[in-house]
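The values are calculated or read from the model by the stated rules, or taken from the named source; none is laboratory data. Predicted model only: the values in this text are computed from it and were never measured. Backbone-built Cβ (ideal geometry, glycine too); neighbour counts: all protein chains shown.
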Amino acid sequence: MLNQQWLTTFIKLVEVGHFTHTAEQLFMTQPGVSQHIKKLEQQVGVDLLIRIGKSFELTEAGIVLYQQALIWQQQQQQVLSQLAVDDEHVGECRLACSGSMALLLYPHLIDYQLSYSRLQIYLEAAPNKRIIDSVMANTIDVGIITQPINMDELVVTP
């Protein structure tokens, strides 16, 4: 069985095309992304990428794994949605806020996540612009900002 987290990192890297941007979107470090890819390559026993400076190309094996991983991911989502009853304590919640707000929220979110083992909470401390961009790109579920904005595309709750 392939490591799901490494596979998710691989999929995101292929979609984004850049190690650092992938790390940002997955709330990881760039070395963490590189480590996941190396471990996945070790697990499957073949190189998945050809690294060219700061960019990369997929090998034939990388293309096959990426295509198959997308199918697995879709099938997994279908199974989970068929099994899931609308339970707010199951799944992922990605949120971003200022650093000071993150320091206040973090202990409460940890307690909450410990109480509900099937809930994964991701918290990112970021400046307002990055939070807004992440909400617009749909890479986070909730963004808490410290300055008022006027954007028709977003629902703002004071």
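General observations
- Within region 49-60, residues that are not assigned by TED's automatic domain parsing to the domain that holds Glu15 reach no partner that is surrounded by 10 or more Cβ atoms within 10 Å (Cβ to Cβ) with beta carbons closer than 8 Å at six or more positions or on different chains.
- Unique residue being modelled with pLDDT under 85 and over 21 Å from the mean Cα position of the chain (by Cα) when the list is Val90, Val85: Val85
- Condition check for Leu154: assigned to a loop (DSSP other than H, G, I, E, B) and in contact with a strand residue (DSSP E or B) (Cβ under 9 Å, 6 or more places away or on another chain): yes
- Of the helices (runs of 4 or more DSSP H) lying entirely inside region 18-136, the ones with 2 or more residues being out of contact with any Ser or Thr (no Cβ under 8 Å at 6 or more places or on another chain) and over 30 Å from Gln147 (Cα atoms) are found at 30-44, 60-83, 99-115.
- Filter result for Ile145 (free of Cβ contacts under 8 Å to residues at least 60 places away in the same chain, in a loop (DSSP other than H, G, I, E, B), in contact with a Cys (Cβ under 9 Å, 6 or more places away or on another chain) and surrounded by 13 or more Cβ atoms within 10 Å (Cβ to Cβ)): yes
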